[in-house]
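The values are calculated or read from the model by the stated rules, or taken from the named source; none is laboratory data. Since the model is a prediction, treat every value here as computed from it, not as a measurement. We place every Cβ from the backbone using ideal geometry, glycine too, and count neighbours over all the protein chains shown.
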Amino acid sequence: MADPTELMLADLSQKYADMEVSNAFLRLYESDARFGRAFASIHERLNGHFESINDRAETTGHYWAEPSREMLTLTKEVNDFLQSLKSAGVEVNLTESYAAAIGNCQSWLVRSGGSTVPDDFEQIEIIKYAPVLSHPDTEIKLKKSREHAQLQLVGEGSYAKVFSFVDPDYGIKFAIKRANKDLGDRDLYRFRQEFEILKRLSFPYVVEVFQYDEIRNEYKMEFCELTLRNYIKKRNSGLRFSSRKRIALQFLYGINYIHSEGLLHRDVSLQNVLVKTFNGGAVLVKLSDFGLAKDRNSEYTRTKTEMRGTIRDPLLASFKEYAVCNEIYSIGWVLSYIFSGREALMSQADVPSQIVRKCTAHDVAQRYQTVRDLIADVEKMEATPTLSDAPA
């Protein structure tokens, strides 16, 4: 009887066998006899869209309707292709800059009428002479050092502690989130569900998790240096509006993504948004702490009415009735802090204050009904850069 996995891999490879691909891209993947043509085809088409989007961002600011649909279809194709390979045990990596570019484009592309390129769109660096898709060798020799990594406590809450450590195999700092030993069954279940939710999410603005330890009830995750509160607090006096806007949009793109995946975070706060910093001042916003997340596919999240969460909508009578409009309320508080650096709702007559007031309106019908609508208004805000600006 034929191996189902081998049949699937054969079908994946055959799908690209007759596709026209230029030698300029085929040569980058000559070493991969089975999937080289597939990688080259995906790479070439991504480059075509990225180059066109870069051009339209500098000219009309509008990406045509048909290419928008093609790019969205290509995005789904890439995700399905990588997921199929992963399920068959074939690890394939898409270079980080292209994965981030796909995620950014996906947040503003629409299928009809063409897509408006965001005002703060940053040109995509096109990779022409190096592979953007690769899979690691089937075997790799790791150190697996017998030395114990030293854990450093970096955060502590009611349900878990977070430690950082440097992995001896990679020389990279990771974080470990460890459930408190006195957790009841319900909260321990929710802790494990938090990992499962994060494990199935894949987006630049959501924290990545790697491995769950059943014995210790802990899991490894990417390390982020600061919470959003601490990042802005340390830099508030010198943080330009354009940087604040980029931080706000990364935050909103992340929320919009999890909503598109059928999730409500239900605990959006300054502590649960993390910031990963890079040389040169660049930052990456990461949503974290999904312990209270509501999944429309799970009845478990609807069985309790106890009010929880850091920023609570005063109009929410029952936690099980939590909806997008209630998430919008807490989003408004976070946006207010991003733009003002103060933990009080903005009340001026400027555009950021108007947006915050619409998020937190006392009549839920007057609030933004979707995060996508909110994103559209934030993207329209004009920023006047100055020489002291630090990139975000």
(message) Test of understanding: among 205, 253, which residue is among the hydroxyl-bearing types (Ser, Thr, Tyr), in contact with a Pro (Cβ under 9 Å, 6 or more places away or on another chain) and under 22 Å from residue 338 (Cα atoms)?
(response) 253
(message) Quick check on my filter: what residues within the range 28-44 are modelled with pLDDT of 95 or more and touching an Asp or Glu at 6+ places or on another chain (Cβ under 8 Å)?
(response) 39, 42
(request) For the range 335-359, enumerate the residues that are out of contact with any Leu (no Cβ under 6 Å at 6 or more places or on another chain) and of a type in the set (A, V, I, L, M, F, W, C). (result) 335, 338, 339, 344, 345, 346, 349, 351, 355, 359
(message) List pairs: first residue in the range 1-21 and in contact (Cβ under 8 Å) with a residue 60 or more places away in the chain, second residue of a type in the set (Ser, Thr, Tyr) anywhere in the structure, Cβ distance under 8 angstrom, at least six positions apart or on different chains.
(response) 8/84; 12/84
(request) Would you mind telling me which numbered condition in (1) of a type outside the set (Val, Ile, Thr); (2) surrounded by fewer than 14 Cβ atoms within 10 Å (Cβ to Cβ); (3) free of Cβ contacts under 8 Å to residues at least 40 places away in the same chain; (4) part of a helix (DSSP H, G or I) residue 24 fails? (result) (3)
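Pick from 1, 19: which is at pLDDT below 90 and over 22 Å from residue 202 (Cβ atoms)? Step through it out loud before you land on a result.
Details: 19 fails: at pLDDT below 90.
Only one candidate passes the filter, namely 1.
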(request) Considering every residue within the range 229-236, establish whether at least one is closer than 16 Å to residue 201 by Cα and surrounded by fewer than 21 Cβ atoms within 10 Å (Cβ to Cβ). (result) no
(message) Return the pair list, or none, for Cβ contacts closer than 9 Å from residues in the range 343-365 that are farther than 17 Å from residue 249 by Cα to residues that are of a type in the set (A, V, I, L, M, F, W, C) and part of a loop (DSSP other than H, G, I, E, B), at least 6 apart or on different chains.
(response) 343/270; 357/345; 357/346; 360/345; 362/315; 363/315; 364/315; 364/323
